[in-house]
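The values are calculated or read from the model by the stated rules, or taken from the named source; none is laboratory data. A quick note: this is a predicted structure, and the numbers were derived from the prediction, not measured. For neighbour counting, all protein chains shown are included, and Cβ atoms are generated from backbone atoms with ideal geometry for every residue, glycine included.
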Amino acid sequence: MDKNNNSLAEALKLSIRGYKIWWEKYPAMFTSTAVCAAVSALTPYVGIYLSAQIINEIAGGRDASVLTRLVLVALISSAVLTMLNAVLTRWKNCKRAGQEYLRNKIYTDKLLSMDFCDVEDAKTQDMLSQIRQNERWSIWGLSSLLTNFDIFVKSIFTIAGASALTVSLFTLRIPEDAGWIVILNNPLFVVAIVIVLIATAIITPLLSTKSGSYWTRLNEGSKLANRLLVFFGFLGYNRAKALDVRMYRQDIICKKYNDNKNNDNFGPTSLIAKYGRGPMGLFASASVAISYVFTALIYMFVCIKAWGGAFGIGSVTQYIGAITALSGGVSSLISVLGKFNNNAPYVRVILDFLSIPNGMYQGSLTTEKRSDGKYEIEFRNVSFKYPSSNSYALRNVSLKFNVGQRLAIVGQNGSGKTTFIKLLCRLYDPTEGEILLNGFDIKKYDYGDYMSIFSVVFQDFKLLSFSLGQNISACKEYVIDRVTDCLIKAGFGERLNSMPKGLETCLYKDFEEDGVEISGGEAQKIALARALYNNAPFLILDEPTAALDPIAEFEVYSKMNEIAGDKTAVFISHRLSSCRFCNDIAVFHEGELIQRGGHDVLVADEIGKYHELWNAQAQYYT
């Protein structure tokens, strides 16, 4: 993050935009924080004022009834305010509980609402990584805004309450017979004292803010170091990498990045430490020193006026407490404004991320819910380039297929198979050409409605640490018989019978100790069952049996017609032997559709790519 050169006005505008994000998502955070901060800031003044009155009465009239009344009011108000503060603090803490989760949900909601092409864009991922690194570095960004809001509100009410109790300090006059001390009654002297006090209150937080700005300067240089620390420092906690870490002693690599002797980014010889011993430490020390000087000035001014007879001894405690709080409030306000300024660059990155527009056209047509299931998909001269790429991933692809077909997509790695599926599901729009559903460009259909006609099992599918039934249905509630039927069709029936809690068995052990660890092959069967449960007209399977053993793979393929039923099945696989159940095979090579037909026709074409691929694999089975 570059050094922040924005004006305070620009920083405040960015902060207000950040607050709008919090307000739109979680307004109760602001209400609870504001009320709690206001009551917390004003509470001490009740005690300061009543204590002063009690001391004045003891030093003056000593009226027992007056003292009794003042003491009772002080005790009751203290008890009530203590309970009120406790209630409000609990309310605020409850509303801000899980703040990190709520903050991450803002980013997740944005990712889920973005065009998928932008989600996969390297610029988006880099921006998101930068946001997370900033938060790990020193909780910059949205979290800092909430902390600053609490301080800001508290500062405002602190200043308001202290001002109300401090005004009379400057208006009460010393008796004229007090000698040279009456000079303090001169309005010019009063103005001078006020200016000195305000200047001191301003300089203190400015120095503190200047000290804190060095953290911002260090952010860019420490970004990579912090990223390495987070990755290598916690690699041992990652269950998915545990085997490789142990077998290949990857902890040795981690040590290189975690040991300050080899990579001193945060140790005693680092730039951070040098700043701490140098300007950052000097500015912080100067800030504290000036605050103590300011406190001494307060005591001198108040005590001299009391000595001259301007007010009683009890008022000394009131004025010292109030003006100290006033100074603290002003310092806190100026300090938090500096924090807004330091935090502005980090908020800007977040706002830029959340402001990424959706460029894909959102149609309005609804996809027909045809009882006969007749859907026709056509790729018409479709070409596609990924964002920031100059080469075509697909070029001039024309292809048509109808419901009920079994279409296999084959080809070497990088031939465009998965890209074809992403375009079919409209995760991307073609760079050139068009894709039609029943004669209409798919862009004209409602986006969510169009996607609902597909059930997909991608190569990098994800199962969650919820119950088996919830993973299949992708919902909290599910139809038991339907889930069971889908699992049986996917070849998971025997394993289901051994599950300790049946469909309520939790997958993995993240949340439940009796959760079940499943193998890669079992996970693929569950993913297939999930696609079947969705019951969409198009069933798309991207390497659905890569983790299955040969027998399990054969069982799945032998029942593929039963599994797919009257649905259109689009099947991607590197194993050409598994494509024989398909009545139509499309062969991709270097982004182009170069062959199409049935297995027997394609394998008989000795100069074709399919024949080459088939024989390359067949030698291992003959």
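Of the residues that sit in the stretch 493-541 and are buried (at least 19 other Cβ atoms within 10 Å of the Cβ) and of a type in the set (D, E, K, R), which one is nearest to M560 (Cα to Cα)?
Ranking the qualifying residues of the stretch 493-541, first place goes to K525.
Are any residues in the stretch 465-481 assigned to a loop (DSSP other than H, G, I, E, B), of a type in the set (A, V, I, L, M, F, W, C) and exposed (fewer than 13 other Cβ atoms within 10 Å of the Cβ), and if so, which ones? Let's see the steps before the verdict.
Residues of the stretch 465-481 assigned to a loop (DSSP other than H, G, I, E, B): 465-466, 474-479.
Still in the running and of a type in the set (A, V, I, L, M, F, W, C): 466, 474-475, 479.
Correct list: A474, C475.
This table checks each residue for (1) over 24 Å from V483 (Cα atoms); (2) part of a loop (DSSP other than H, G, I, E, B); (3) modelled with pLDDT of 90 or more.
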{"position": "L423", "(1), (2), (3)": "yes, no, yes"}
{"position": "L427", "(1), (2), (3)": "yes, yes, no"}
{"position": "P430", "(1), (2), (3)": "yes, yes, yes"}
{"position": "I435", "(1), (2), (3)": "yes, no, yes"}
{"position": "G448", "(1), (2), (3)": "no, no, no"}
{"position": "S455", "(1), (2), (3)": "no, no, no"}
{"position": "D460", "(1), (2), (3)": "no, yes, no"}
{"position": "L463", "(1), (2), (3)": "no, yes, no"}
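Assess whether N56 counts as being in the same structural domain as I159 (by TED's automatic domain parsing) and buried (at least 16 other Cβ atoms within 10 Å of the Cβ).
Working: in the same structural domain as I159 (by TED's automatic domain parsing): yes; buried (at least 16 other Cβ atoms within 10 Å of the Cβ): yes.
Yes, satisfied.
Do we have K476 as among the basic types (K, R) and either assigned by TED's automatic domain parsing to the domain that holds L437 or in contact with a helix residue (DSSP H, G or I) (Cβ under 8 Å, 6 or more places away or on another chain) (or both) here?
yes
Inspect the stretch 21-30 for any residue being touching a residue at least 60 places away in the same chain (Cβ under 8 Å), exposed (fewer than 15 other Cβ atoms within 10 Å of the Cβ) and not basic (K, R) and give the result as yes or no. Full working, then the answer.
Initially, the stretch 21-30 is screened for residues touching a residue at least 60 places away in the same chain (Cβ under 8 Å), giving 21-22, 25-26, 28-30.
Filter once more, keeping what is exposed (fewer than 15 other Cβ atoms within 10 Å of the Cβ): 25, 28.
Narrowing the set further to residues that are not basic (K, R) leaves 28.
Yes: one or more hits.
Considering only the stretch 492-564, give the helices (runs of 4 or more DSSP H) lying wholly within it that have at least 3 residues that are at pLDDT below 75 and not aliphatic (A, V, I, L, M). Talk me through it step by step, then tell me what you get.
Details: elements: 493-497, 520-534, 550-558, 560-564.
So the answer is 550-558.
Can you name every residue in the stretch 559-578 that is over 20 Å from R596 (Cα atoms) and surrounded by 14 or more Cβ atoms within 10 Å (Cβ to Cβ)?
Step one: list which residues in the stretch 559-578 are over 20 Å from R596 (Cα atoms), which gives 559-567.
If the condition is that a residue be over 20 Å from R596 (Cα atoms) and surrounded by 14 or more Cβ atoms within 10 Å (Cβ to Cβ), then K559, M560, I563, A564, K567 are the ones that fit.
Pull up the stretch 321-377, narrow it to residues that are touching a helix residue (DSSP H, G or I) at 6+ places or on another chain (Cβ under 6 Å) and part of a loop (DSSP other than H, G, I, E, B), then point me to the one that is modelled with the highest pLDDT.
I356
Inspect the stretch 421-430 for any residue being within 20 Å of L111 (Cα to Cα), of a type outside the set (S, T, Y) and in contact with a Ser or Thr (Cβ under 9 Å, 6 or more places away or on another chain) and give the result as yes or no. Walk me through it before giving the result.
The initial filter retains those residues of the stretch 421-430 that are within 20 Å of L111 (Cα to Cα), namely 422-423, 425-429.
Within this subset, residues satisfying the condition of being of a type outside the set (S, T, Y) are 422-423, 425-427, 429.
Remaining after also requiring in contact with a Ser or Thr (Cβ under 9 Å, 6 or more places away or on another chain): none.
Checked against the condition, which is being within 20 Å of L111 (Cα to Cα), of a type outside the set (S, T, Y) and in contact with a Ser or Thr (Cβ under 9 Å, 6 or more places away or on another chain), the stretch 421-430 yields no hits at all.
Looking at (1) within 30 Å of R17 (Cα to Cα); (2) among the aliphatic types (A, V, I, L, M); (3) surrounded by fewer than 20 Cβ atoms within 10 Å (Cβ to Cβ), which one does L326 not meet, given that it meets all the others?
(3)
Of all residues in the stretch 60-79, how many are exposed (fewer than 12 other Cβ atoms within 10 Å of the Cβ) and assigned to a helix (DSSP H, G or I)?
Residues flagged as exposed (fewer than 12 other Cβ atoms within 10 Å of the Cβ) and assigned to a helix (DSSP H, G or I) within the stretch 60-79 amount to 7.
If you scan the stretch 566-608, which residues turn out to be out of contact with any Leu (no Cβ under 9 Å at 6 or more places or on another chain) and of a type in the set (D, E, K, R)?
Passing the criteria: D566, R575, R580, E590, D600, D605, E606.
Scan the stretch 165-195 for residues that are assigned to a helix (DSSP H, G or I) and surrounded by 14 or more Cβ atoms within 10 Å (Cβ to Cβ) and report the count.
Here the count works out to 12.
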